[in-house]
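Notes follow once the structure below has been shown.
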Amino acid sequence: MDEQKEVSRGEQLRKALCYEKKNGYDRLQPGELEALEAYCAGYKQFLDAGKTERECVDRTVALAEASGFRRYTRGMDLKAGDKVYLVNRDKAIMLAVMGRKSLSEGVNICAAHIDSPRLDLKQNPLYEIDDLAFLKTHYYGGIRKYQWVTIPLELHGVIALKNGQVIRVSIGNGEGDPLFTIDDLLPHLGVEQSKKPLGEAIPGESLNILVGSRPLADDDGKDRVKLLALELLNRKYGITEEDFISAELSAVPAFCACDIGFDRSLIGAYGHDDRVCAYASLAALLQLDTPERTAVCMLADKEEIGSEGVSGMKSAAFDTFMADLCSVQGVLPRVCYEHSFCLSADVTAAYDPNFADVYEKRNSALVNYGVGLCKYTGARGKSGASDASAEIVAYIRRVLDEAGVIWQMAELGKVDAGGGGTVAAYMAERNIDTLDAGVPVLSMHAPFETVGKLDCYMTFKGMKAVFEAV
Ligand code: MN
Ligand code: MN
């Protein structure tokens, strides 16, 4: 009898005192299984429509306008409940829903990024060698180069002409479109290549995209395959070879978003990092009525190469937008900032049992355990991290728990195994309290990344809770 009592006391203590992780599927509320499927269907459409930051901006504008948002113009009168957006150079977008409270009391921000790792064409890309035509690339963001060969690729972007015209290019996602690829060595002749370290087996300068093999007919000049390719491009877009100089063309994986698993519990796609959080913040914002605090959704470009540049999170474009909103109420932006909160919505690494040795499982994000909160990111002793305060983490614990959001803590891998950063540091630099949070991803930065549907939905639910926090 006594022994049994002892056990039950231990169980009681365990329940009361110990922090225990639980699979999200065991914690879903009634109806949430259906809700997460419906949400993920919309997310998959968003992914297929946006394979570059420009396309994500277009799609965002379309969704926002359908939800009653208007394009912001300076000097516009804004009152509670008004919904506006502003596009920065077609590559980044800021959206706001004006709250009841004054901007002097701060705003709730969710900041995600819509650029993803890819292969950008060089400015003089097209060449012919041994009767084959190729495009030279310079990769964008952190990629593992061996993953980008022998997969189907699409070509997306713009060609800006001297006359001011900007031609949109999207080859590969239309019905009957051709695709492109980068070839690799056959195993039969790969003996020497196979001895090289993974990171050196495919040099960056060998990531050349195969774009043609048929020579121009009835001609005995040089580079006839290249010439035929140029002729086809000229016929379709009216461009010449020199126009590549002012083009931004990117090769992206030709995979559409799809369900993964017998149980369809996962989504495989290109660009989950960070469109999975971008869509979550956007979808949450679009559902807002009139919040207490003004809600701001920031979808930034250039995160994958350090948030630099005029469309990155370091750009003053964000500050200018916020200053414009503040000026309507005669509020100083710095006063608004110091009372604001920002969720830096970016993906984190999901614990992968196939590579368990680079993770510290106790502090890693697990698939289906909910949105992952990262107190800090960085590398080598948290270097480059924003490192949110204990108070801010406590604040978010309360906000998420009150909204019934399934969440977990997340650290990106073992200490000194590597690391990474997000836009959090650049928000915090503005004197805005910031915390990282996002969806755990398997195979992050690969051409085909995988996420759990439950985590996608919980990230959306978390963003909504942040926007609605008073
Ligand atoms: Mn990211
Ligand atoms: Mn990334």
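The values are calculated or read from the model by the stated rules, or taken from the named source; none is laboratory data. Since we're looking at a predicted model, the values are computed, not measured. When we count neighbours, we look across all protein chains shown, and the Cβ atoms used for this are built from the backbone with ideal geometry, even at glycine. These area figures cover heavy atoms from the full protein model, side chains too; ligands, DNA and RNA do not enter into them. Shrake-Rupley method; radii C 1.70, N 1.55, O 1.52, S 1.80 Å.
Within the option set C277, C297, C326, C256, being in contact with a Pro (Cβ under 6 Å, 6 or more places away or on another chain) and in contact (Cβ under 8 Å) with a residue 12 or more places away in the chain holds for one residue only, C326.
Summed over the stretch 437-463, residues that are assigned to a helix (DSSP H, G or I) and under 18 Å from G31 (Cα atoms) total 10. Checked against (1) assigned to a loop (DSSP other than H, G, I, E, B); (2) touching a residue at least 40 places away in the same chain (Cβ under 8 Å); (3) closer than 20 Å to I432 by Cβ, D289 passes all but condition (3). Annotation: H188 fulfils all but one of (1) surrounded by fewer than 10 Cβ atoms within 10 Å (Cβ to Cβ); (2) part of a loop (DSSP other than H, G, I, E, B); the unmet one is (2).
Checked against the criterion of being at negative phi and within 16 Å of ligand 2 (Cβ to nearest atom), the candidates A247, A278, A284, A251 yield just one match: A278. When you look at G10, is it more than 30 Å from Q329 (Cβ to Cβ), among the small types (G, A, S) and touching a Leu at 6+ places or on another chain (Cβ under 9 Å), yes or no? When the stated conditions are applied, G10 does not pass them. Only one entry in L78, L135 is in contact with a Pro (Cβ under 6 Å, 6 or more places away or on another chain) and either farther than 22 Å from A49 by Cα or more than 16 Å from ligand 2 (Cβ to nearest atom) (or both), namely L135.
Listed here are the strands (runs of 3 or more DSSP E) enclosed by the stretch 62-133 that have at least 1 residues being surrounded by fewer than 20 Cβ atoms within 10 Å (Cβ to Cβ): 83-88, 118-129. Only residues that are more than 20 Å from the chain's Cα centre (by Cα), among the hydrophobic types (A, V, I, L, M, F, W, C) and over 14 Å from M458 (Cα atoms) were counted across the stretch 397-445, and they come to 3. Within the option set D220, D259, D263, being more than 16 Å from ligand 2 (Cβ to nearest atom), modelled with pLDDT under 95 and not assigned by TED's automatic domain parsing to the domain that holds V57 holds for one residue only, D220. The set of residues in the stretch 230-253 being touching a residue at least 40 places away in the same chain (Cβ under 8 Å) and open to solvent by 20 Å² or more (accessible area, probe 1.4 Å) consists of L230, Y237, G238, E241, D243, I245, S246, E248. More than 25 Å from F46 (Cβ to Cβ), modelled with pLDDT under 95, touching a strand residue (DSSP E or B) at 6+ places or on another chain (Cβ under 7 Å) and surrounded by fewer than 16 Cβ atoms within 10 Å (Cβ to Cβ) - does that describe any residue in the stretch 415-437? Yes, the stretch 415-437 contains a residue that is more than 25 Å from F46 (Cβ to Cβ), modelled with pLDDT under 95, touching a strand residue (DSSP E or B) at 6+ places or on another chain (Cβ under 7 Å) and surrounded by fewer than 16 Cβ atoms within 10 Å (Cβ to Cβ). When D274, D319 are checked against the criterion of being in a helix (DSSP H, G or I), within 16 Å of ligand 1 (Cβ to nearest atom) and under 25 Å from the mean Cα position of the chain (by Cα), D274 stands alone in meeting it.
Note on the stretch 134-156: residues that are small (G, A, S) and open to solvent by less than 10 Å² (accessible area, probe 1.4 Å) total 0. Out of Y376, Y395, one residue alone is open to solvent by 30 Å² or more (accessible area, probe 1.4 Å), more than 16 Å from ligand 2 (Cβ to nearest atom) and in a loop (DSSP other than H, G, I, E, B). It is Y376. Between L282, L299, the distinction of being within 17 Å of A92 (Cβ to Cβ), more than 15 Å from ligand 1 (Cβ to nearest atom) and in contact with a Ser or Thr (Cβ under 7 Å, 6 or more places away or on another chain) belongs to L282 only.
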